[in-house]
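The values are calculated or read from the model by the stated rules, or taken from the named source; none is laboratory data. Owing to the predicted nature of the structure, the values given are computational and were not obtained by experimental measurement. When we count neighbours, we look across all protein chains shown, and the Cβ atoms used for this are built from the backbone with ideal geometry, even at glycine.
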Amino acid sequence: MDLHLANKVIVVTGGASGIGEAIVRGAAQEGAIPVIVNRRLERGEKLVAELKQAGYQCLFVQADLSEIDQCQRAVQETVDQLGRLDVLVNNAGINDGVGLESGFPEAFMQSLQNNLQHYYSLAHYALPYLKKARGNIINISSKTAVTGQGGTSAYVAAKGAQLALTREWATELLPHGIRVNAVLPAEVLTPMYETWLNSLANPNEKKAQIEQRIPLDQRMTTAQEIADTVLFLASDRSSHTTGQLLFPDGGYTHLDRAIHS
């Protein structure tokens, strides 16, 4: 299926690894021009070099999105370099383990600054260009926003707020034809996830336990499957879809996980 994404400028935050990288690669393969917004210089430069060598157009913007002025600069640099902005994929974030008992209020607020503020700031600064393009916004949230996790109040608060903003922006931006949707990954074997697994005493045993709780095929979702969902939402193939929360998670969040036990 042709997603009609050729020459569309798609900004992907946290675009140099994990789910973000999969979205960037998929966008390039569809003929779009991905903009990788990433804090780590070496990762961004390496991915851009690889994509350009393969003949794809792309752009790398190094930015620390916890700083509002850098969110503004990321949008401005995109438009200055490429002349337009069609899709914003808010993806960057980290589960920093700031829990109710273990985390002081100052740490909670800092986590919101790191995980939530840039979703709003980037959307705010991108909005004039999204209006021109009748573009769309895709917020990457997490199943923890609806299930909870325990020991990670700040991250879950940010992820829940992203869902609320998805519905709010979808409503507010209806007159401009801008669609806004959210994608909620559950168990995806990204490099960050693998780092967490490898910090445990028996990573393989823990991975097997998690996979057994995933109803469809008892396996983790791939980053590519998340990217495919995002790119469908980014395209005009989903032209009448807005304000929706999508769960490409093998049924993990909503199906009774006891059905395969």
If you go through Asn114, Asn139, the only one that is of a type outside the set (D, E, K, R) and part of a helix (DSSP H, G or I) is Asn114
Among residues of region 52-66, those that are over 23 Å from Asn115 (Cα atoms) and charged (D, E, K, R), counted: 1
On the given criteria, is Ala182 modelled with pLDDT of 95 or more, closer than 11 Å to Gly243 by Cβ and surrounded by 16 or more Cβ atoms within 10 Å (Cβ to Cβ)? yes
Test: residue in region 33-45 that is within 18 Å of the chain's Cα centre (by Cα) and under 19 Å from Phe232 (Cβ atoms): yes
Just a yes or no: is a residue in region 83-90 crowded, with 21+ Cβ neighbours inside 10 Å and more than 22 Å from Ser141 (Cβ to Cβ)? no
So in region 218-248, with the set limited to residues that are of a type in the set (Gly, Ala, Ser) and surrounded by fewer than 21 Cβ atoms within 10 Å (Cβ to Cβ), which one is nearest to Ala164 (Cα to Cα)? Gly243
Given the structure, is Asn136 closer than 18 Å to Ala182 by Cα, of a type outside the set (Val, Ile, Thr) and in contact (Cβ under 8 Å) with a residue 40 or more places away in the chain? yes
Inside region 119-136, can you point out the residues that are charged (D, E, K, R) and either assigned to a loop (DSSP other than H, G, I, E, B) or touching a Pro at 6+ places or on another chain (Cβ under 9 Å) (or both)? Arg134
Can Asp69 be described as touching a residue at least 12 places away in the same chain (Cβ under 8 Å), acidic (Asp, Glu) and over 30 Å from Ser239 (Cα atoms)? no
Just for region 26-74: of the residues that are touching a Pro at 6+ places or on another chain (Cβ under 6 Å) and not in a loop (DSSP other than H, G, I, E, B), which one is surrounded by the most Cβ atoms within 10 Å (Cβ to Cβ)? Ala27
Please count how many residues of region 199-234 are of a type in the set (S, T, N, Q), farther than 19 Å from Ile19 by Cα and in a helix (DSSP H, G or I). 3
Read through the list (1) under 14 Å from the mean Cα position of the chain (by Cα); (2) in a loop (DSSP other than H, G, I, E, B), then give the number of the only condition that Ala22 fails. (2)
Going by what's in this entry, would Thr190 be described as in contact with a strand residue (DSSP E or B) (Cβ under 6 Å, 6 or more places away or on another chain) and either among the basic types (Lys, Arg) or within 29 Å of Tyr119 (Cβ to Cβ) (or both)? no
How many residues are assigned to a helix (DSSP H, G or I) and either under 23 Å from Glu21 (Cβ atoms) or touching a residue at least 60 places away in the same chain (Cβ under 8 Å) (or both) when one looks only at region 152-197? 17
